[in-house]
Amino acid sequence: MRYSFRQLEVFLATARSENLTRAAEQLAMSQSAASGALKDLEEQFDIRLFDRAGKRLKLNELGRALQPRAEALLEQAAALELGFARHEALGRLKIGATLTIGNSIAVELLARYLDDHPEARVELEVANTARIAAGVAAFELDLGLIEGELVSPDLTVTPWREDELVVFCAPDHPLAKVGTLGDEELRGASWILRESGSGTRQTFDRAMSGLLGDLDVRLELRHTDGIQRAVAAGLGISCLSRLTVDDAFNEGRLMPLQVPGRDLRRHFYIILHRQKYLSAGIQSWIDLCGLDT
(Lines give C-alpha, C1' and ligand atoms only; values in the text may rest on other atoms or scores of the structure.)
Protein backbone atom coordinates (compact mmCIF):
# COMPACT_ATOMS: atom_id res chain seq x y z
CA MET A 1 0.00 0.00 0.00
CA ARG A 2 1.53 3.29 -1.12
CA TYR A 3 -0.14 5.47 1.51
CA SER A 4 -0.54 5.36 5.28
CA PHE A 5 -3.51 6.02 7.49
CA ARG A 6 -1.50 8.84 9.06
CA GLN A 7 -1.18 10.51 5.68
CA LEU A 8 -4.94 10.24 5.22
CA GLU A 9 -5.51 11.73 8.67
CA VAL A 10 -3.32 14.70 7.77
CA PHE A 11 -5.12 15.09 4.45
CA LEU A 12 -8.56 15.10 6.10
CA ALA A 13 -7.58 17.36 9.00
CA THR A 14 -6.09 19.85 6.54
CA ALA A 15 -9.23 19.67 4.38
CA ARG A 16 -11.38 20.58 7.38
CA SER A 17 -9.19 23.35 8.81
CA GLU A 18 -7.73 24.64 5.51
CA ASN A 19 -4.52 25.24 7.45
CA LEU A 20 -1.63 22.83 7.95
CA THR A 21 -0.61 24.23 11.33
CA ARG A 22 -4.11 23.78 12.76
CA ALA A 23 -4.30 20.31 11.25
CA ALA A 24 -1.03 19.37 12.96
CA GLU A 25 -2.34 20.67 16.29
CA GLN A 26 -5.52 18.60 15.95
CA LEU A 27 -3.44 15.47 15.33
CA ALA A 28 -0.86 16.26 18.04
CA MET A 29 1.90 16.38 15.42
CA SER A 30 4.60 18.88 14.65
CA GLN A 31 3.91 21.19 11.73
CA SER A 32 6.91 19.82 9.85
CA ALA A 33 5.74 16.20 10.31
CA ALA A 34 2.27 17.03 9.05
CA SER A 35 3.68 18.95 6.10
CA GLY A 36 5.97 16.04 5.25
CA ALA A 37 3.14 13.51 5.43
CA LEU A 38 0.97 15.55 3.06
CA LYS A 39 3.86 16.19 0.69
CA ASP A 40 4.76 12.49 0.60
CA LEU A 41 1.15 11.53 -0.13
CA GLU A 42 0.96 13.92 -3.07
CA GLU A 43 4.39 13.03 -4.46
CA GLN A 44 3.78 9.26 -4.26
CA PHE A 45 0.88 9.62 -6.69
CA ASP A 46 2.14 12.72 -8.54
CA ILE A 47 -0.98 14.67 -7.65
CA ARG A 48 -2.06 17.86 -5.93
CA LEU A 49 -4.98 17.75 -3.49
CA PHE A 50 -5.11 21.44 -2.52
CA ASP A 51 -4.99 24.86 -4.10
CA ARG A 52 -2.51 26.89 -2.06
CA ALA A 53 -3.05 30.59 -1.29
CA GLY A 54 -0.52 31.68 1.32
CA LYS A 55 -1.10 29.62 4.44
CA ARG A 56 -4.58 28.61 3.34
CA LEU A 57 -5.04 25.24 1.64
CA LYS A 58 -8.33 24.82 -0.19
CA LEU A 59 -9.37 21.42 -1.54
CA ASN A 60 -9.19 21.27 -5.32
CA GLU A 61 -11.52 19.17 -7.49
CA LEU A 62 -9.49 15.98 -6.98
CA GLY A 63 -9.25 16.57 -3.22
CA ARG A 64 -13.00 17.09 -2.94
CA ALA A 65 -13.62 13.86 -4.87
CA LEU A 66 -11.29 11.81 -2.65
CA GLN A 67 -12.29 13.30 0.72
CA PRO A 68 -15.44 11.22 1.34
CA ARG A 69 -13.66 8.01 0.30
CA ALA A 70 -10.81 8.74 2.70
CA GLU A 71 -13.30 9.53 5.47
CA ALA A 72 -15.10 6.23 4.91
CA LEU A 73 -11.84 4.27 4.79
CA LEU A 74 -10.59 5.65 8.10
CA GLU A 75 -13.95 5.03 9.78
CA GLN A 76 -13.95 1.42 8.58
CA ALA A 77 -10.38 1.02 9.84
CA ALA A 78 -11.42 2.35 13.25
CA ALA A 79 -14.34 -0.09 13.35
CA LEU A 80 -12.02 -2.96 12.38
CA GLU A 81 -9.62 -1.99 15.15
CA LEU A 82 -12.46 -2.10 17.66
CA GLY A 83 -13.38 -5.52 16.38
CA PHE A 84 -9.83 -6.81 16.76
CA ALA A 85 -9.72 -5.45 20.28
CA ARG A 86 -13.12 -7.06 21.02
CA HIS A 87 -14.23 -3.73 22.35
CA GLU A 88 -18.00 -3.50 22.51
CA ALA A 89 -18.25 0.25 23.01
CA LEU A 90 -19.96 2.06 20.15
CA GLY A 91 -17.66 5.07 20.40
CA ARG A 92 -18.62 8.71 20.03
CA LEU A 93 -21.57 9.63 17.84
CA LYS A 94 -22.10 13.18 16.60
CA ILE A 95 -25.76 13.93 15.87
CA GLY A 96 -27.08 17.19 14.45
CA ALA A 97 -30.70 18.24 14.88
CA THR A 98 -32.69 21.29 13.94
CA LEU A 99 -34.29 23.34 16.69
CA THR A 100 -37.76 21.81 16.71
CA ILE A 101 -36.39 18.27 16.60
CA GLY A 102 -33.49 18.97 18.94
CA ASN A 103 -35.69 20.40 21.67
CA SER A 104 -38.21 17.59 21.59
CA ILE A 105 -37.78 14.35 19.65
CA ALA A 106 -33.97 14.19 19.63
CA VAL A 107 -33.77 14.40 23.42
CA GLU A 108 -36.12 11.42 23.74
CA LEU A 109 -34.12 9.46 21.15
CA LEU A 110 -30.90 10.32 22.96
CA ALA A 111 -32.26 9.03 26.25
CA ARG A 112 -33.38 5.77 24.64
CA TYR A 113 -30.07 5.34 22.81
CA LEU A 114 -28.04 5.80 26.00
CA ASP A 115 -30.39 3.51 27.86
CA ASP A 116 -29.73 0.79 25.25
CA HIS A 117 -26.00 1.58 25.04
CA PRO A 118 -24.83 3.04 28.37
CA GLU A 119 -21.19 2.81 27.26
CA ALA A 120 -21.78 5.08 24.25
CA ARG A 121 -21.00 8.78 24.04
CA VAL A 122 -23.19 11.13 22.01
CA GLU A 123 -22.70 14.77 21.06
CA LEU A 124 -25.86 16.61 20.03
CA GLU A 125 -25.59 19.85 18.05
CA VAL A 126 -28.78 21.89 17.68
CA ALA A 127 -28.87 24.45 14.86
CA ASN A 128 -30.92 25.35 11.79
CA THR A 129 -31.28 23.18 8.71
CA ALA A 130 -28.57 24.94 6.71
CA ARG A 131 -25.97 24.47 9.47
CA ILE A 132 -26.84 20.79 10.10
CA ALA A 133 -26.71 19.99 6.38
CA ALA A 134 -23.31 21.71 6.09
CA GLY A 135 -22.02 19.75 9.10
CA VAL A 136 -23.08 16.40 7.63
CA ALA A 137 -21.65 17.31 4.21
CA ALA A 138 -18.29 18.20 5.81
CA PHE A 139 -18.23 15.00 7.94
CA GLU A 140 -18.37 17.15 11.09
CA LEU A 141 -21.61 15.39 12.02
CA ASP A 142 -22.33 11.68 11.58
CA LEU A 143 -26.05 12.09 10.97
CA GLY A 144 -28.60 14.91 10.78
CA LEU A 145 -32.24 15.21 11.78
CA ILE A 146 -33.74 18.15 9.92
CA GLU A 147 -37.12 19.77 9.32
CA GLY A 148 -36.32 21.60 6.10
CA GLU A 149 -36.52 20.28 2.55
CA LEU A 150 -33.08 19.73 1.07
CA VAL A 151 -31.52 18.71 -2.22
CA SER A 152 -27.81 17.92 -2.19
CA PRO A 153 -25.67 15.70 -4.45
CA ASP A 154 -23.56 14.73 -1.41
CA LEU A 155 -26.36 13.76 0.97
CA THR A 156 -29.08 11.14 1.18
CA VAL A 157 -32.30 12.73 2.43
CA THR A 158 -34.84 10.24 3.79
CA PRO A 159 -38.36 11.21 4.93
CA TRP A 160 -38.74 10.27 8.56
CA ARG A 161 -41.97 11.47 10.16
CA GLU A 162 -44.75 14.01 9.60
CA ASP A 163 -45.16 17.36 11.35
CA GLU A 164 -47.47 20.35 11.13
CA LEU A 165 -46.97 24.05 11.79
CA VAL A 166 -49.62 26.13 13.53
CA VAL A 167 -50.23 29.88 13.61
CA PHE A 168 -50.82 31.28 17.10
CA CYS A 169 -51.18 34.42 19.18
CA ALA A 170 -51.54 35.54 22.78
CA PRO A 171 -54.98 34.97 24.37
CA ASP A 172 -55.55 38.74 24.68
CA HIS A 173 -54.40 39.53 21.13
CA PRO A 174 -57.17 41.06 18.94
CA LEU A 175 -56.92 38.15 16.47
CA ALA A 176 -57.72 35.67 19.25
CA LYS A 177 -61.37 36.74 18.96
CA VAL A 178 -61.28 36.27 15.20
CA GLY A 179 -59.97 32.69 15.37
CA THR A 180 -59.85 32.07 11.63
CA LEU A 181 -57.52 34.22 9.52
CA GLY A 182 -57.98 35.08 5.89
CA ASP A 183 -55.51 36.86 3.63
CA GLU A 184 -56.53 40.28 4.97
CA GLU A 185 -55.81 39.29 8.59
CA LEU A 186 -52.52 37.63 7.59
CA ARG A 187 -51.38 40.80 5.84
CA GLY A 188 -52.44 43.04 8.70
CA ALA A 189 -50.67 41.08 11.46
CA SER A 190 -47.20 41.69 12.85
CA TRP A 191 -45.19 38.48 12.56
CA ILE A 192 -42.44 37.01 14.72
CA LEU A 193 -40.75 34.25 12.75
CA ARG A 194 -37.80 31.87 12.66
CA GLU A 195 -34.78 33.02 10.67
CA SER A 196 -34.12 32.27 7.01
CA GLY A 197 -32.27 28.97 6.66
CA SER A 198 -34.50 27.21 9.19
CA GLY A 199 -36.85 24.45 8.10
CA THR A 200 -39.74 26.09 9.93
CA ARG A 201 -39.27 29.32 7.96
CA GLN A 202 -39.00 27.36 4.73
CA THR A 203 -42.36 25.66 5.35
CA PHE A 204 -43.98 28.94 6.44
CA ASP A 205 -42.75 30.81 3.34
CA ARG A 206 -44.06 28.05 1.07
CA ALA A 207 -47.44 28.03 2.82
CA MET A 208 -47.77 31.81 2.53
CA SER A 209 -47.01 31.84 -1.19
CA GLY A 210 -48.55 34.92 -2.79
CA LEU A 211 -48.53 36.92 0.44
CA LEU A 212 -44.85 36.99 1.44
CA GLY A 213 -44.14 40.42 0.03
CA ASP A 214 -47.10 41.86 1.95
CA LEU A 215 -46.40 40.35 5.38
CA ASP A 216 -45.10 42.56 8.20
CA VAL A 217 -42.22 40.54 9.68
CA ARG A 218 -41.39 42.49 12.83
CA LEU A 219 -38.85 40.09 14.34
CA GLU A 220 -36.79 37.09 13.25
CA LEU A 221 -35.51 34.92 16.11
CA ARG A 222 -33.45 31.73 16.17
CA HIS A 223 -35.05 30.16 19.23
CA THR A 224 -38.62 28.90 19.57
CA ASP A 225 -38.77 29.77 23.29
CA GLY A 226 -37.93 33.38 22.50
CA ILE A 227 -40.62 33.49 19.83
CA GLN A 228 -43.23 32.12 22.22
CA ARG A 229 -42.31 34.69 24.88
CA ALA A 230 -42.49 37.52 22.36
CA VAL A 231 -45.92 36.37 21.17
CA ALA A 232 -47.16 35.96 24.76
CA ALA A 233 -46.01 39.55 25.40
CA GLY A 234 -48.27 40.76 22.60
CA LEU A 235 -45.55 41.72 20.09
CA GLY A 236 -47.21 39.82 17.25
CA ILE A 237 -48.29 36.42 16.02
CA SER A 238 -46.15 33.50 14.86
CA CYS A 239 -46.05 30.07 13.28
CA LEU A 240 -44.16 27.12 14.75
CA SER A 241 -44.35 23.35 14.92
CA ARG A 242 -47.28 22.08 16.94
CA LEU A 243 -44.73 19.97 18.83
CA THR A 244 -43.26 23.10 20.40
CA VAL A 245 -46.47 24.94 21.29
CA ASP A 246 -49.00 22.25 22.32
CA ASP A 247 -48.09 22.62 26.01
CA ALA A 248 -48.60 26.39 25.81
CA PHE A 249 -52.00 25.82 24.18
CA ASN A 250 -53.05 23.36 26.88
CA GLU A 251 -51.96 25.78 29.61
CA GLY A 252 -53.75 28.72 27.99
CA ARG A 253 -50.58 30.79 27.51
CA LEU A 254 -51.00 30.85 23.74
CA MET A 255 -53.95 30.34 21.36
CA PRO A 256 -53.97 28.55 17.99
CA LEU A 257 -55.38 30.33 14.94
CA GLN A 258 -56.88 28.68 11.87
CA VAL A 259 -55.57 29.57 8.39
CA PRO A 260 -57.78 27.72 5.86
CA GLY A 261 -56.25 27.07 2.49
CA ARG A 262 -52.65 27.32 3.73
CA ASP A 263 -50.83 23.98 3.80
CA LEU A 264 -48.60 23.94 6.89
CA ARG A 265 -47.79 20.22 6.80
CA ARG A 266 -44.22 19.00 6.34
CA HIS A 267 -41.85 16.09 6.90
CA PHE A 268 -38.86 15.63 9.16
CA TYR A 269 -35.86 14.05 7.41
CA ILE A 270 -32.78 12.03 8.28
CA ILE A 271 -29.68 13.01 6.30
CA LEU A 272 -26.40 11.15 5.80
CA HIS A 273 -23.40 11.72 3.59
CA ARG A 274 -23.59 9.37 0.61
CA GLN A 275 -20.06 8.14 1.33
CA LYS A 276 -20.59 7.80 5.09
CA TYR A 277 -19.58 4.49 6.58
CA LEU A 278 -22.49 3.20 8.67
CA SER A 279 -20.82 2.36 11.95
CA ALA A 280 -22.60 0.29 14.58
CA GLY A 281 -23.55 3.47 16.42
CA ILE A 282 -25.06 5.15 13.35
CA GLN A 283 -26.95 2.00 12.41
CA SER A 284 -28.28 1.69 15.95
CA TRP A 285 -29.51 5.29 15.87
CA ILE A 286 -31.20 4.76 12.50
CA ASP A 287 -32.91 1.63 13.83
CA LEU A 288 -34.08 3.63 16.84
CA CYS A 289 -35.69 6.12 14.44
CA GLY A 290 -37.57 3.25 12.82
CA LEU A 291 -35.89 3.44 9.40
CA ASP A 292 -34.44 0.72 7.20
CA THR A 293 -31.13 1.32 5.42
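The values are calculated or read from the model by the stated rules, or taken from the named source; none is laboratory data. Small disclaimer: the values here were computed from a predicted structure and weren't measured. Glycine gets a Cβ as well: all are built from the backbone with ideal geometry, and neighbour counts include every protein chain shown.
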Listed residues Thr200, Thr180, Thr129, Thr224; which is within 30 Å of Gly63 (Cβ to Cβ) and among the polar types (S, T, N, Q)? Thr129
Just wondering, is there one or more residues in the stretch 158-172 that are farther than 22 Å from Thr224 by Cβ and either touching a residue at least 12 places away in the same chain (Cβ under 8 Å) or hydroxyl-bearing (Ser, Thr, Tyr) (or both)? yes
Among helices (runs of 4 or more DSSP H) completely within the stretch 109-216, the ones holding 3 or more residues that are closer than 15 Å to Thr98 by Cα and assigned by TED's automatic domain parsing to the domain that holds Pro256 are 199-207
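For (1) touching a strand residue (DSSP E or B) at 6+ places or on another chain (Cβ under 6 Å); (2) hydrophobic (A, V, I, L, M, F, W, C), each residue gets a yes or a no:
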{"residue": "Thr100", "(1), (2)": "yes, no"}
{"residue": "Leu124", "(1), (2)": "yes, yes"}
{"residue": "Val151", "(1), (2)": "no, yes"}
{"residue": "Asp172", "(1), (2)": "no, no"}
{"residue": "Ala176", "(1), (2)": "yes, yes"}
I'd like to check something: does the stretch 32-54 contain any residue that is in a loop (DSSP other than H, G, I, E, B), in contact (Cβ under 8 Å) with a residue 60 or more places away in the chain and farther than 19 Å from Gln283 by Cβ? no
Is it the case that some residue within the stretch 181-188 is touching a Ser or Thr at 6+ places or on another chain (Cβ under 9 Å) and over 23 Å from Leu110 (Cβ atoms)? no
Residue list for the stretch 213-233, restricted to those being in contact (Cβ under 8 Å) with a residue 60 or more places away in the chain and surrounded by 14 or more Cβ atoms within 10 Å (Cβ to Cβ): Thr224, Val231, Ala232
Which listed residue is under 26 Å from the mean Cα position of the chain (by Cα), among the basic types (Lys, Arg) and part of a helix (DSSP H, G or I), from Arg6, Arg22: Arg22
Could you check the stretch 270-293 and list, in sequence order, the residues that are of a type in the set (Phe, Trp, Tyr) and modelled with pLDDT of 95 or more? none
